[in-house]
1. For the pair residue 286 and residue 214, how long in nm is the line joining their label points, each one 7 Å along Cα→Cβ?
2. Starting with the highest mean, order 33-45, 12-24, 131-143, 268-280 by the number of other Cβ atoms within 10 Å, averaged over the residues of each peptide.
3. On a straight-distance basis, which lysines could pair with residue 318 in a cross-link, Cα separation under 27 angstrom, same-chain partners fewer than 8 positions away excluded?
4. What is the extension gain from residue 348 to residue 259, computed as 0.36 nm multiplied by their sequence separation minus the C-alpha to C-alpha distance, in nm to one decimal?
5. From Cα pairs below 8 angstrom and at least 6 apart in sequence, can you work out the relative contact order of the range 18-258, rounded to a whole percent?
6. If we count other beta carbons within 10 Å of each Cβ, what is the order of 347, 166, fewest first?
7. Using R₀ = 56 Å, calculate the FRET efficiency as 1/(1 + (r/R₀)^6) where r is the Cβ-Cβ separation of residue 24 and residue 109; round to 0.05.
8. Rounded if a/c is under 1.5, else prolate if a/b beats b/c, else oblate: with a ≥ b ≥ c from the C-alpha gyration tensor eigenvalues square-rooted, which is the chain?
Amino acid sequence: MSNKIFFTPGPTQLFYTYQDHFREAIKQDVGSISHRSKEFMRLFQETRENLHQLLELTDDHRIYFTGSANEIWERMVQNLVINRSHHFLNGDFAKKFYDFALQYQKSPSKTESPFGQAYESMDIPEDAELCGITLNETSNGFMFPAEDIYQIKNENPDCLMAIDGVSALPAIPIDFNYIDTAYFSVQKCFGMPAGLGVWIANKRCIEKAKQMETDGMVTGSYHSLTSFEKYGQKNQTPETPNALSIFILGKIAEDMLRRGVSHVRNETVYKSTILYQTAESVSILDPFIKEKKYRSKTVAVCNVQNGSDTVIEVCKKKGWVLGPGYSDQKQNQVRIANFPMHSKEQVEQLCDFLIREFK
């Protein structure tokens, strides 16, 4: 058994109960049951109910499963945008969602700031049908303040608010009364192998997709929002799904509910605080996000003096696997994940080591 602890920002350390749930899934033949069977419908319903409670969704929100979070960018553009979407860009993943809208020729507009810096304006065009915001930018550790999201929604009530929660949910709280649609994947805060995306959409989104289809627009094929909803009403999926991951996701959500979502979130804040305090006290590290208000609670990104290779290799020899910077910043930064499966003791031990080794 590996003695490594993965602080990588996804894939990351497996949730501490993952193996138990995996064994239980094998025992129950979850990987072999039909996706039209009563057994599957029960586990599908259980997973959706646990996630609904954990994320504190409203009664209007529905949950669907895809192959990845990236797929949901495409599904949102297909099902929820007729003419124009608007996007707040402050990192590579937000930009990729914008690029999907460009490829679909939806004439997207954007509000852009230098990566890692605050936006000068929260205004969006009056004709924007959907506003895309990355709650937590995994590429550079920029966190979009929730109160700014609520302000945008209050000022633009007719615009669908779409949230990228990939490295945020459920560790970062967000009030879904202000959110129409959101998405994440399981290889970050839920500590699972990649291969499952979760799409959340409310009734406004479903009604818009239905209207687009009535008007003759193509909203996708087997993975259109209306198809998801049609089968979802029966606790089924349009296609043969990743039943194993759906089962385990529901069990991990149940584990978090047992701990208490407020406990998970409070621990996230505590661990992020000591991570940034360590980065500020270690001579070779410097937090990339300068304003504390915008620092991610789940992915601490630091510039590294003389390059990231040394600190990554030194930590790896001790069993701590850190993530390199994203894309162009691979050699200049480290990214340290702080997800619910990373215990306070593990984070404290890592921070103590960094201080001793590099101060």
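We did not get these values from a lab; they are worked out from the coordinates using the rules stated. Note that the coordinates shown come from a computational prediction; the quantities given were computed from them, not determined experimentally. All Cβ positions, even for glycine, are placed from backbone atoms using ideal geometry, and neighbour counts span all protein chains on display.
1. Inter-label distance under the simple model: 5.7 nm.
2. 131-143, 268-280, 12-24, 33-45
3. Straight-line reach from residue 318, under 27 Å: 4, 188, 271, 297, 330, 344, 359.
4. Length difference between fully extended and current span is 30.0 nm.
5. It comes to 29 percent, rounded to a whole number.
6. Ordered from fewest to most neighbouring Cβ atoms within 10 Å, 347, 166 come out as 347, 166.
7. Efficiency for this residue pair is about 0.70.
8. Note, shape of the chain comes out oblate.
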